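The values are calculated or read from the model by the stated rules, or taken from the named source; none is laboratory data. Just so it is clear, the model here is predicted, and its values are computed rather than measured. Positions of Cβ are backbone-derived with ideal geometry, glycine not excepted, and every protein chain shown enters the neighbour counts. Only protein heavy atoms, including side chains, enter the accessible area calculation; ligands, DNA and RNA are left aside. Shrake-Rupley method; radii C 1.70, N 1.55, O 1.52, S 1.80 Å.
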Amino acid sequence: MKFSHLVEINDPLNPLIEPLSRAQLWRGLVLRAEQPKLFVPHLDACDILEKSAALVERELRYGETVIRDRVSYLPQMQVHYHVPQQKDIPMSDLTMTIEEPQPGVLYVRFIYDDHKTNEDQAEAFYNEFRRSAYQEADIDTIRMVRELAENGALG
């Protein structure tokens, strides 16, 4: 399943929404990778195994399930999560790209890819729920970035 959607960050026509700068948005997306428990309440633990300016390798614990992934950065533009095949977990990718069609008008494009080319009827049904869950999680991510910015945590 390949799925993408946009989340609007700044709406110049809505004065009720405090605009985020590109730098604040970027710091928030990086924080999601480096401190995921702020964004994923059911995550039990996250151990950073390796960290540099270009990437983070992590081990995530959800109860007995452990997932290793790699998050790479294209500064101020893109955060890419790659989960390699491991035990019962298939390979997957998530890419978050900041788009700015006009100065100060920001969006984040979320692209999910599980690298499957065929889906049967049961998978198609299940994937509709996954798309909805992904979209809600991404909206929650931006909500948390906004809260962090309002509290001064993103500079």
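Quick look at the numbers
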| read-out | value |
| --- | --- |
| Accessible area in square angstrom per residue, the chain, 1.4 angstrom probe | 60 Å² |
| Helix-only CD estimate at 222 nm, as mean residue ellipticity for the chain, using -39500 (n - 2.57) per DSSP H run (n ≥ 4) | -9500 deg cm²/dmol |
| Dipole magnitude of the chain about its Cα centre (Cβ charges: Lys, Arg +1; Asp, Glu -1), debye to nearest 20 | 360 debye |
| Calculated on alpha-carbon atoms, Rg and Dmax of the chain in Å | 16.1, 49 |
| Heavy-atom accessible area order for LEU31, LEU25, largest first, 1.4 Å probe | LEU31, LEU25 |
| Angle in degrees between helix 22-34 and the longest Cα principal axis of the chain, rounded to the nearest 10 | 30 degrees |
| GLU100 accessible area, assembled protein chains, probe 1.4 Å, Å² | 80 Å² |
| Debye log10 I(q)/I(0) at q = 0.15, 0.18 Å⁻¹ for the stretch 1-66, Cα point scatterers | -0.70, -0.89 |
| Helix axis angle, 121-150 relative to the chain longest principal axis, alpha carbon, degrees | 30 degrees |
| Accessible area of the stretch 68-116 belonging to carbon and sulfur atoms, whole % at 1.4 Å probe | 57 percent |
| Stokes-Einstein diffusion coefficient of the stretch 66-155, Kirkwood radius over Cα pairs, 4 °C, 1.567 mPa s, in µm²/s | 85 µm²/s |
